[in-house]
Each structure stands twice: as C-alpha cells, then as structure tokens.
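The values are calculated or read from the model by the stated rules, or taken from the named source; none is laboratory data. All values derive from a computational prediction rather than experimental measurement. With ideal geometry, Cβ positions are generated from the backbone for all residues, glycine too; neighbour counts draw on all protein chains shown.
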Amino acid sequence: AQSVTQLDSQVPVFEEAPVELRCNYSSSVSVYLFWYVQYPNQGLQLLLKYLSGSTLVKGINGFEAEFNKSQTSFHLRKPSVHISDTAEYFCAVSDTSGGSNYKLTFGKGTLLTVNP
Amino acid sequence: EAGVTQSPTHLIKTRGQQATLRCSPISGHTSVYWYQQALGLGLQFLLWYDEGEERNRGNFPPRFSGRQFPNYSSELNVNALELDDSALYLCASSSYSGTGLSGYTFGSGTRLTVV
C-alpha cells in the first residue's frame with residue numbers, strides 16, 4: 001500500500017514570489033505520481049504527472065515537479081506565483097503494477113494562499 | 001468533449017435517509033472512481049468500478065455502495081445517513097491499458113449535507 005505526506009497544510013506567499021509545495025510518498029513498489037489543484041467549490045484538475053522518463057516534469061500554469069526516487073519525494077514548484085494560484089494542491093500516488101492497485105492515494109492537501 | 005458530470009450538485013438529506021449520487025464519465029472511459037472529501041480529512045477512496053464490476057473498495061462501511069451501468073455511468077448510494085457523511089463526493093473517470101495510468105479526470109462533485 002502507498003501513502004502520501006504533504007508536509008505543509010498551509011503555505012502563504014506574496015505575489016510574484018517563488019513557491020515549493022512538498023510531497024513525500026511511501027511505497028514498496030514503483031509508482032506513478034501526480035499533482036492536482038482544487039479551486040474553491042470545484043473538482044480536482046490535473047496539474048502534472050510523472051509516469052516514467054525525465055524526473056523533471058512540467059505541467060500547466062507554469063508549475064513543475066521533480067521526482068526524486070532516493071528521497072521518495074515529488075515536490076511542486078513555481079518560480080513566480082499569481083493571485084489566481086490560490087487554491088488547494090493535492091499530491092497523489094498510484095502503484096504501477098496495475099490490476100486492483102490502480103487507484104490514486106491522495107495526500108491531505110496544501111492550501112496555497114497568494115497575497116498581494 | 002464533455003467532462004465528467006455529476007448530479008445533483010447539492011443534496012440535503014435527513015439523518016437515516018438514503019442518498020443517491022450519479023456520475024457520467026468521459027466518453028471512452030471505462031473506469032469510475034468515487035472519493036469522499038470531508039472537511040479536514042482530504043480525499044478518501046470509496047469505490048472503483050471498471051467494466052461494470054467493483055474492482056476495489058476503500059475502508060468504508062457497507063452502507064456505502066454503488067454500481068456501474070452498461071454505459072459506464074455510475075451511482076453511489078449511501079444508506080442510513082449519518083451526520084458525518086456530510087462531505088463533497090467526487091467522481092473521477094480514467095482509461096488505462098495496463099501500461100500506464102492516464103490520470104483521473106474529476107467531476108465538480110456533489111455536496112451532500114446531512115441534517
């Protein structure tokens with residue numbers, strides 16, 4: 001079974017500042033990794049995903065994440081945030097072995113608040 | 001392309017009643033997943049349906065049940081509602097070939113309030 005830990009429940013930053021949202025996972029097998037964003041009163045939208053290949057993954061809205069297998073991390077970064085990035089961000093992991101393990105396990109989320 | 005649609009958007013029920021939530025996946029997606037998002041608890045996996053069969057189930061009591069129809073749409077039923085069942089219920093769909101997971105596409109959710 002997998003688990004995901006998002007180390008910060010809330011991250012306040014000022015507009016145009018860089019931000020890093022931290023995610024660590026635990027798994028005994030190979031994993032796929034995802035970041036989702038949830039704006040108020042909406043469902044989740046996929047930001048980016050790591051399935052294989054390059055460990056640096058670029059997503060929508062200027063976000064990127066780096067897969068670090070030795071540290072079991074998948075931190076999300078953006079060099080300059082906007083007010084509109086204010087939302088809750090979820091890290092998720094899935095087993096690669098398929099079958100009944102093909103479900104996403106989510107972290108508890110990080111609320112990013114961008115202040116003017 | 002239409003996204004994942006959920007209905008109703010809001011539902012208010014009394015403790016002890018039953019609630020039925022509906023989900024239509026993206027065309028071509030055969031898998032439907034249900035998650036509960038209660039305040040402060042993140043997303044908790046409820047159920048996974050694929051090709052009409054229940055494939056996996058989260059740690060929820062049997063009063064949470066569902067089904068998937070031949071057109072791949074799905075229903076989530078919650079019987080004997082409790083106050084703690086108040087939450088946002090999210091449905092997601094996906095396709096996979098066994099060689100990779102494309103990721104889920106989520107609907108906007110059904111806000112269930114139990115009073």
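Filter the stretch B:46-74 down to the residues that are farther than 21 Å from B:ARG15 by Cβ, modelled with pLDDT of 95 or more and either touching a helix residue (DSSP H, G or I) at 6+ places or on another chain (Cβ under 6 Å) or charged (D, E, K, R) (or both) and list them by number.
B:ARG67 - this is the single residue of the stretch B:46-74 that is farther than 21 Å from B:ARG15 by Cβ, modelled with pLDDT of 95 or more and either touching a helix residue (DSSP H, G or I) at 6+ places or on another chain (Cβ under 6 Å) or charged (D, E, K, R) (or both).
Name every residue in the stretch A:13-25 that is in contact with a Ser or Thr (Cβ under 6 Å, 6 or more places away or on another chain) and under 15 Å from A:PRO79 (Cα atoms), in order of residue number.
Step one: list which residues in the stretch A:13-25 are in contact with a Ser or Thr (Cβ under 6 Å, 6 or more places away or on another chain), which gives A:16, A:21, A:24-25.
Hits for the stretch A:13-25 are A:GLU16, A:LEU21.
In the stretch B:80-94, what residues are over 13 Å from B:GLN18 (Cα atoms) and either part of a loop (DSSP other than H, G, I, E, B) or more than 14 Å from every other protein chain (Cβ to nearest Cβ) (or both)?
Here is the first cut: in the stretch B:80-94, the residues over 13 Å from B:GLN18 (Cα atoms) are B:84, B:87-94.
Within the stretch B:80-94, just B:ASP84 meets the criteria.
What number of residues in the stretch A:34-76 are closer than 23 Å to B:GLY109 by Cβ and either of a type in the set (D, E, K, R) or within 13 Å of chain B (Cβ to nearest Cβ) (or both)? Don't jump to the end; show me each part of the working.
Keep residues of the stretch A:34-76 that are closer than 23 Å to B:GLY109 by Cβ, which gives A:34-49, A:59-61, A:63, A:76.
From what is left, the residues that are either of a type in the set (D, E, K, R) or within 13 Å of chain B (Cβ to nearest Cβ) (or both) are A:34-49, A:59-60.
Number of matching residues: 18.
When you scan the stretch B:9-79 for strands (runs of 3 or more DSSP E) that lie fully inside it, which ones turn up with 1 or more residues that are of a type outside the set (A, V, I, L, M) and buried (at least 20 other Cβ atoms within 10 Å of the Cβ)?
Numbers: elements: B:10-13, B:19-24, B:31-38, B:42-50, B:53-57, B:64-68, B:74-78.
Filter on the stretch B:9-79 gives B:19-24, B:31-38, B:42-50, B:64-68, B:74-78.
Report the residue count in the stretch A:11-53 for those that are farther than 25 Å from B:GLN6 by Cα and either within 14 Å of the chain's Cα centre (by Cα) or hydrophobic (A, V, I, L, M, F, W, C) (or both).
Narrowing the stretch A:11-53 to residues farther than 25 Å from B:GLN6 by Cα: A:11-33, A:50-53.
Keeping just the survivors that are either within 14 Å of the chain's Cα centre (by Cα) or hydrophobic (A, V, I, L, M, F, W, C) (or both) gives A:11, A:13-14, A:17, A:19-25, A:29, A:31-33, A:50-51.
Total meeting the criteria: 17.
List the strands (runs of 3 or more DSSP E) that sit entirely inside the stretch A:1-70 and contain at least 2 residues that are free of Cβ contacts under 8 Å to residues at least 60 places away in the same chain.
On the way: elements: A:3-6, A:10-14, A:19-21, A:23-26, A:31-38, A:44-50, A:56-58, A:64-68.
Passing ranges, in order: A:23-26, A:31-38, A:44-50, A:56-58, A:64-68.
Working carefully through the options B:GLY40, B:GLY3, find the one that is of a type in the set (Gly, Ala, Ser), without any contact (Cβ under 8 Å) to a residue 24 or more places away in the chain and within 14 Å of another protein chain (Cβ to nearest Cβ). Spell out how you get there, then give the answer.
Numbers: B:GLY3 fails: without any contact (Cβ under 8 Å) to a residue 24 or more places away in the chain.
Testing whether each residue is of a type in the set (Gly, Ala, Ser), without any contact (Cβ under 8 Å) to a residue 24 or more places away in the chain and within 14 Å of another protein chain (Cβ to nearest Cβ) leaves just B:GLY40.
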